[in-house]
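This report refers to the structure that appears directly beneath it.
The values are calculated or read from the model by the stated rules, or taken from the named source; none is laboratory data. All of these numbers come straight from a predicted model, not from anything done at the bench. Please note: Cβ atoms are built from the backbone with ideal geometry, for glycine as well, and neighbour counts cover all protein chains shown.
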Amino acid sequence: MSLGVVRQNPLLQFVSNGSLVVQILIGLVAGILLAFFFPSAAQYVDLLGDLFISALKSVAPILVFVLVAASIANHKKGQPTSIGPILGLYLLGTFAAALVAVVASFMFPLTLQLKAGNEALSPPGSMGFIIGVLQDSAETALNSSTDVLFTAAGSHSRDMGPISVSP
């Protein structure tokens, strides 16, 4: 009795074993094709996109913190650092992104036409206050993930007590 070897599709094997850049490009092309040929499917996939972006926003500060902490922890005394070129590339990239954003905003100007009246709707009774408090709390918590990280790190370090470093 021989055990059968499961052969994987070569295209699937190429995608799963390929580089991350290739996988991202394939995902982008697949998303563009889906939106072009099946525009009504966008409303169903929109939730997945929103979840992915929210997860990415919540993980990014943690990832940056871990990478910086690992870099600092692996630095040896007397080891040369190359922070100058890194900061230069950062500033150049930030300036280039801002320049592209400004040029794109002039290329594609937005004009908003208000269809509804200018009157404000008010919720009944004291519900406006309650809704405002809940909405402000949720927005503040979602928009300040960095504050949450530093608060958690500070309270964790306070609980751990003083750190002694021995050579």
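In this structure, is Leu20 under 21 Å from the mean Cα position of the chain (by Cα) and either surrounded by 10 or more Cβ atoms within 10 Å (Cβ to Cβ) or at negative phi (or both)?
Yes: the conditions hold for Leu20.
Do we have Ser71 as part of a helix (DSSP H, G or I) and in contact (Cβ under 8 Å) with a residue 40 or more places away in the chain here?
No: the conditions fail for Ser71.
Please go through segment 44-81 and give me each residue that is surrounded by 10 or more Cβ atoms within 10 Å (Cβ to Cβ), over 11 Å from the mean Cα position of the chain (by Cα) and within 21 Å of Leu34 (Cβ to Cβ), ordered by number.
Of everything in segment 44-81, those that are surrounded by 10 or more Cβ atoms within 10 Å (Cβ to Cβ), over 11 Å from the mean Cα position of the chain (by Cα) and within 21 Å of Leu34 (Cβ to Cβ) turn out to be Val45, Asp46, Gly49.
Table: residues versus (1) of a type outside the set (Ser, Thr, Tyr); (2) outside any loop (DSSP other than H, G, I, E, B); (3) more than 30 Å from Leu12 (Cβ to Cβ).
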residue	(1), (2), (3)
Leu25	yes, yes, no
Leu28	yes, yes, no
Ser40	no, yes, no
Val45	yes, yes, no
Gly93	yes, yes, yes
Val102	yes, yes, yes
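Cβ-Cβ below 9 Å, separation at least six or inter-chain, first residue in segment 46-67 and more than 17 Å from Leu28 (Cα to Cα), second loosely packed, with under 10 Cβ neighbours inside 10 Å and of a type in the set (Val, Ile, Thr): which pairs?
none
When you go through (1) over 30 Å from Gly27 (Cα atoms); (2) outside any loop (DSSP other than H, G, I, E, B); (3) modelled with pLDDT under 70 one by one for Leu142, which number turns out not to apply?
Just one mismatch for Leu142, condition (1).
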